[in-house]
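A short write-up of the structure that comes next.
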Amino acid sequence: MLGSTKEILLEAQQNNYAVAAFNVFNMETAQAAVLAAENRQMPVILALGERYLDTTRIEAFSAMVHTLAAAVSVPVALHLDHAYELESIRKAIRCGFTSVMYDGSKFSLEENIRHTKEVVKLAHRAAVSVEAEIGSTARGDFSDEEEGDGRLTDPQEAGIFVQETCVDFLAAAIGTVHGMYKGEPRIDLGRLEALHRTLDIPLVLHGGSGTPDSIIRESIRSGIRKINVNTEVSMTAVKQLTNFLNEHSAPHLSRVMADMQQSMATVMERFIDLFANRSGSE
Ligand code: 13P
């Protein structure tokens, strides 16, 4: 069923777990995420990055996700990830997305507040929830995300930001990176705890890929309710593709795509279980 992002995350807040938000951009990635969620009987958030709108027709994509969601028993939400343009946000709202992320992280606090407030007004009018970011997630290896400067979120600024903008969820920059870590991850869990004490809205962790399981578990204990995952799923599928092409000479594309979809669903299930505080065998 199609679920509201906000309701999914408030439920996670009440029960102390996190929900996976997978970056999807075509039929195979979306089907893999929905299949994984249904298999693990957990809600899921399908996140389309603004940068994919050049190659993905948003109206068609949204219609497809609505159809996929209607066919399963678990809640499936549809989210616009890292939008920098108001026009993309308008389009997503028109097409039936359940939430949008406005990324004003490169602006000053005042400017970010000003832009985010505008987005919140627009989205809330259509009962669409809003995620925003202060501080900025840096980019590691193998990510196709925009480079961020790695500034960590200041808890006091976060308090002002949330109060002024009325956003529904906040991305907490605590040292995770988009993509794989270049060295040892240096995650500021103390800062996350301070954010959790200051704010009563669900917190979002960007850069799920490559983050050690122990840190993921601790971050969930400290208020993280949505965890974004992109690079690790992409790397798994590309590795699977390489193996498949080594093992089969001149395969049909339909078989290649089906094989990649299955490999993505498998790695997504592992993330869903980890975020749900399950061992995987349950
Ligand atoms: P990863 O690519 O590190 O999984 O991060 C994804 C993300 O945060 C998308 O917003």
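The table for this structure:
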quantity: Nearest-ten-degree value, helix 189-198 long axis tilted from longest Cα axis of the chain; calculated: 60
quantity: Under 5 Å, built H, 5+ apart or other chain: amide partners of Val19; calculated: Lys226, Ile227
quantity: Rounded to whole Hz, the Karplus (6.51, -1.76, 1.60) HN-Hα couplings of the range 146-162, x for glycine and proline; calculated: 5, 5, x, 8, x, 4, 7, 6, 8, x, 5, 4, 4, x, 5, 4, 5
quantity: Amide proton proximity set for Gly150, modelled H, under 5 Å, gap of 5+; calculated: Ser136, Thr137, Ala138
quantity: Spherically averaged projected area in nm², based on the convex hull that wraps the Cα atoms of the range 17-108; calculated: 6.3
quantity: About the Cα centre, charge dipole magnitude for the range 240-282 (Lys/Arg +1, Asp/Glu -1 at Cβ), debye; calculated: 60
quantity: In order through the range 27-33: 3J(HN,Hα) via Karplus (6.51 cos²θ - 1.76 cosθ + 1.60), integer Hz, x for Gly, Pro; calculated: 5, 5, 5, 5, 5, 4, 5
quantity: Rough spin-label spacing in nm, given labels placed 7 Å along Cα→Cβ, for Ser108 and Ala250; calculated: 6.4
quantity: Karplus-derived 3J(HN,Hα), 6.51/-1.76/1.60, for each residue of the range 257-272, Hz, glycine and proline x; calculated: 5, 4, 5, 5, 4, 5, 5, 5, 4, 5, 5, 5, 4, 4, 5, 4
quantity: Degrees separating the helix 5-15 axis from the principal Cα axis of the chain, which is the longest one; calculated: 80
quantity: Unit charges at the beta carbon, dipole of the chain: most positive-side option, Ile272, Ala127, Met101; calculated: Ala127
quantity: Amide H within-cut-off set for Ala77, under 5 Å, with H built and near neighbours excluded; calculated: Gly3, Val44, Ile45, Leu46
quantity: Contact order normalised by residue count of the chain, Cα under 8 Å, 6+ apart, percent; calculated: 20
quantity: Helix-only [θ]222 nm of the chain, DSSP H runs n ≥ 4, -39500 (n - 2.57) each, per residue, nearest 500; calculated: -15000 deg cm²/dmol
quantity: Mean separation of Cα contacts under 8 Å, 6 or more apart, over the residue count of the range 149-282: relative contact order %; calculated: 21
quantity: Nearest-20 debye value, the chain charge dipole, Cβ charges on Lys, Arg, Asp, Glu; calculated: 420
quantity: Rg to Rh, two decimals, where the range 135-223 supplies the alpha carbon set and Rh follows Kirkwood; calculated: 0.96
quantity: For the chain, with +1 on Lys and Arg beta carbons and -1 on Asp and Glu, the positive-most of Met1, Cys166, Ala32 along the dipole; calculated: Met1
quantity: Residue-count net charge about Leu109 - beta-carbon cut-off 13 Å; Lys, Arg +1, Asp, Glu -1; calculated: -2
quantity: Residues Leu46, Leu122, Leu199, sorted so that the one with the fewest Cβ neighbours within 10 Å comes first; calculated: Leu122, Leu199, Leu46
quantity: Three-way shape call for the range 88-165 based on the alpha-carbon gyration tensor, with the a/c threshold at 1.5; calculated: oblate
quantity: Environment charge of His178, counting only residues whose C-beta is closer than 9 Å and scoring Lys/Arg +1, Asp/Glu -1; calculated: -3
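Bear in mind these aren't lab numbers, they're just calculated from the coordinates by the rules spelled out. Note that the structure is predicted; figures quoted are calculated from it, not measured. All Cβ positions, even for glycine, are placed from backbone atoms using ideal geometry, and neighbour counts span all protein chains on display.
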